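K.L.:
I have a structure here, written as C-alpha cells, and I will follow up with some questions on it.
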Amino acid sequence: MKVIRAAGDGLLWVMAVIGALTGVLWIAHAFGLIQPLVVVSESMQPAIRTGDLLVAFPVPVEDLAVGDIASLPSTITGNLITHRIINVATDGDAVYFEMQGDDNDAPDAETYEYALGDTALHPVLTISRAGSVLTALGSPMIGIPLFVAIVASILLTVLPSNPRKLAESSEADDQLALSGAAAVTEE
C-alpha cells in the first residue's frame, strides 16, 4: 500500500507542476504575450518538422528581417503560415514580407502586408514533437483515460497510509465521544 501511495503522491506532484506551468502559459497566451503553434506541414524541414510545437512571441514588424522565421496570416487560406522571410520592403507606412518554406521550391504565392507599428508572430522556441503530444492529449481517446488517472492519483494520495492506524484512531475517537457524552448526561 505504501508503494501505491508513494506512486500516487509522485504522480500528483508531477501533474501539479505540469498544471501550474500550463496555467502560467494559458495566462500568458490570454494576455497575448505568447502564441503556441502546432506545425502541420513539412514546408520548413529540416529546421521545423510536422508535429513540433512552436512558441511564438509578438514582435514589431520593424524588428523582422530577411532570414527570420515568422508566422503570418495568409489572406488566401486564413491560416497562419510559418516560413522564412526572404524579402522585406517598406513603402511609406506599409511593410511587405515575402516568405518561403525552407523545403519549398518557390516563394509563397502572396506578399504579406503590415502597417508600421503592427506586430507579427516570431517563433523563438521549437519543442520537437510536443505539438503531436498536445494534439493527442486533446483527443477523447487519450484525454478521458488521462482524466480518470489524474482523479485516481488524487484519491490515492488521500488514502490513509496505514489502514490499521486509521481503525485505531477511529476507535479512539469513538471512545472519546462516548466519554464526552457520558459526562454531559451525568451533569
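The values are calculated or read from the model by the stated rules, or taken from the named source; none is laboratory data. Since we're looking at a predicted model, the values are computed, not measured. Virtual Cβ from ideal backbone geometry, glycine too; neighbours counted across all protein chains shown. In case anyone asks, the SASA skips ligands and DNA or RNA and just uses the protein heavy atoms, side chains included. Shrake-Rupley method; radii C 1.70, N 1.55, O 1.52, S 1.80 Å.
K.L.:
Please report, in Å, the Rg and the Dmax of the range 91-147, where both are computed over Cα atoms only.
P.N.:
18.4, 56
K.L.:
At a Förster distance of 22 Å, what's the computed FRET efficiency of M141 paired with V38, Cβ-Cβ distance as r, to 0.05? Kindly include the intermediate steps, with their values, before the conclusion.
P.N.:
Working: r = 18 Å, r/R0 = 0.81.
According to the calculation, E is roughly 0.80.
K.L.:
Suppose R0 equals 25 Å. What FRET efficiency, 1/(1 + (r/R0)^6) with r the Cβ-Cβ distance, do L25 and D102 give to the nearest 0.05? Working shown, then result.
P.N.:
Working: r = 27 Å, r/R0 = 1.08.
Efficiency, rounded to the nearest 0.05: 0.40.
K.L.:
Here is a follow-up. If you average over every viewing direction, what projected area does the convex hull of the Cα atoms of the range 26-88 give, in nm²?
P.N.:
Values: hull surface 19.9 nm².
Averaging across all directions leaves 5.0 nm² for the Cα convex hull.
K.L.:
Okay, next question. Using the Karplus curve 6.51 cos²θ - 1.76 cosθ + 1.60 with θ = phi - 60°, what ³J(HN,Hα) values do you get for each residue of the range 14-20, in whole Hz, with x for Gly and Pro?
P.N.:
4, 5, 5, 5, 4, x, 5
K.L.:
Here's something else I'd like to know. With r as the distance between the Cβ atoms of F57 and A6 and R0 = 35 Å, compute the FRET efficiency 1/(1 + (r/R0)^6) and round to 0.05.
P.N.:
Working: r = 40 Å, r/R0 = 1.14.
Once the sixth-power term is evaluated, E becomes 0.30.
K.L.:
Return one whole number: the accessible area per residue of the range 23-119 in Å², for a 1.4 Å probe. Walk me through the numbers on the way to the answer.
P.N.:
Details: 5390 Å² over 97 residues.
Each residue of the range 23-119 exposes 56 Å² on average to a 1.4 Å probe.
K.L.:
Amide H of D68 versus every other amide H placed in the peptide plane: which residues, excluding those fewer than 5 positions away on the same chain, fall under 5 Å?
P.N.:
I85
K.L.:
Oh, and also: Just the Cα atoms of the range 1-107: what Rg and Dmax do they give in Å?
P.N.:
Expressed in Å, the Cα Rg and Dmax of the range 1-107 come to 19.7, 72.
K.L.:
Does the range 11-51 come out rounded, prolate or oblate by the C-alpha gyration tensor, with a ≥ b ≥ c the root eigenvalues, rounded set by a/c under 1.5 and, if not, prolate when a/b is larger than b/c and oblate if not?
P.N.:
On the way: a/c = 4.38, a/b = 1.69, b/c = 2.60.
Oblate is the answer for the range 11-51, as a/c is 1.5 or above yet b/c matches or exceeds a/b.
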